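Below is one structure, written out as structure tokens; comments come after it.
The values are calculated or read from the model by the stated rules, or taken from the named source; none is laboratory data. Everything numeric in this text was worked out from a predicted model, so none of it was measured. Using ideal geometry, Cβ is built from the backbone for each residue, glycine included, and neighbour counts are taken over all protein chains shown.
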Amino acid sequence: MGLVEEIAGMRAEEGDPGRLLGEFRRAVLLAPVADGALMSGQQGGIRWIYAFTDEESLARFALRRGADATAELEYLAILGARLVDAVVPEMDGPTGVAVNVADEDGSMLFPPVGGIVPDAAAVDLAGQEDAR
């Protein structure tokens, strides 16, 4: 199964969180870029990097944001693992990844918690010493 199918399984309460995370980490995602930075939004004190599973999902996002249907949107193709392992820790403040946010029934949030992002960037592990 791919990431889209794993998201559908989770939303139907039939999915497996481990498989979902594995597919997310292996997926090549499209992250839109504006003004030289990855596009993101703020919600509940968390910055959410926008990422999409395909160009159609990215186009729906652009149209909902008021973009011209003929305009090209610049994006970076990046592995989900690279987003959470390399990009998230470099962001200021708690940061997660929002996948396919324009698809009401196909979106999924990957929050900044242990097991998804590196421990140093996980809000649920903040202030805990490394037990190793």
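From the list Ala59, Ala51, which residue is modelled with pLDDT under 95 and hydrophobic (A, V, I, L, M, F, W, C)?
Ala59
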- prompt: How many residues are surrounded by 19 or more Cβ atoms within 10 Å (Cβ to Cβ) and not β-branched (Val, Ile, Thr) when one looks only at the range 103-121?
  reply: 4
- line: From the option list Thr95, Thr70, single residue qualifying as over 18 Å from Gly18 (Cβ atoms) and modelled with pLDDT under 95 is Thr70
field: So Val101, is it part of a helix (DSSP H, G or I) and either touching a residue at least 12 places away in the same chain (Cβ under 8 Å) or of a type in the set (D, E, K, R) (or both)
entry: no
- prompt: Any residue in the range 62-70 that is assigned to a helix (DSSP H, G or I) and surrounded by 18 or more Cβ atoms within 10 Å (Cβ to Cβ)?
  reply: yes
statement: When every residue in the range 15-33 that is farther than 16 Å from Val87 by Cα and outside any helix (DSSP H, G or I) is compared, the one modelled with the lowest pLDDT is Gly15
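Mind telling me which of the residues Asp124, Asp54 ends up being closer than 23 Å to Ala8 by Cβ, touching a strand residue (DSSP E or B) at 6+ places or on another chain (Cβ under 8 Å) and surrounded by fewer than 17 Cβ atoms within 10 Å (Cβ to Cβ)? Full working, then the answer.
Values: Asp124 fails: closer than 23 Å to Ala8 by Cβ.
When all the criteria are applied, what remains is Asp54.
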message: Out of the residues in the range 63-78 meeting the condition of being touching a residue at least 40 places away in the same chain (Cβ under 8 Å) and under 23 Å from Pro111 (Cα atoms), tell me which one is nearest to the chain's Cα centre (by Cα).
response: Ile78
message: Going by what's in this entry, would Leu83 be described as touching a strand residue (DSSP E or B) at 6+ places or on another chain (Cβ under 6 Å), surrounded by 11 or more Cβ atoms within 10 Å (Cβ to Cβ), of a type in the set (A, V, I, L, M) and farther than 18 Å from Ala121 by Cβ?
response: no
